[in-house]
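Please read the structure below before turning to the comments.
Computed from the coordinates by the stated procedures, all read-outs in this text should not be read as laboratory data. Note that the coordinates shown come from a computational prediction; the quantities given were computed from them, not determined experimentally.
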Amino acid sequence: MPHALIIDDTLSNISIMAKLLTGVNFTYTAVSDPTTLAQAVESLTVVDIVFTDLNLDGLTGYDVLHQLREWGIHAPIVACSVYTDEIIRARQMGFSAFIGYPLKIGHFTTQVGRILAGESVWEK
């Protein structure tokens, strides 16, 4: 089963994403407190895709991107945000994809499949 890492300090976003991912046979690890990210990553044996909010309490998604790459996470890292005007910056900073909040429930699993297949997904 593929495994996703979800980093978001809004529990409702985690809940919705987790439900959608488990519906397509993903397992996941959720991090709602960015200060526990290092501990969570250390405990993982595999990460197939990462979803991170850009606006976290005390940390940005850009900081998370940098940390994950430093820690050797090579999976696609997807920026997720209600601030869709960040899409260009997210691409320039090295994110693999961008999905705007709120998630489009009927479209999310297709977006994930495309990202895992190496396709470019930059959608508001």
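Got the relative contact order for the chain handy, in percent, Cα pairs under 8 Å and 6 or more residues apart?
Across the chain, relative contact order equals 22 percent.
Percent of Cα-Cα pairs per 5 Å bin, from 0 to the last occupied bin, for region 4-43, please list those.
6, 26, 31, 21, 14, 2
Using θ = phi - 60° and the Karplus form 6.51 cos²θ - 1.76 cosθ + 1.60, what ³J(HN,Hα) does each residue of region 112-124 get, whole Hz, x for Gly and Pro?
3J(HN,Hα) across region 112-124, in whole Hz: 4, x, 5, 4, 5, 7, x, 7, 8, 10, 10, 10, 7.
Stick to the Cα atoms of region 3-123, pair each with every other, and give me the Kirkwood hydrodynamic radius in Å at one decimal.
Value: 14.1 Å, from the Cα pair sum.
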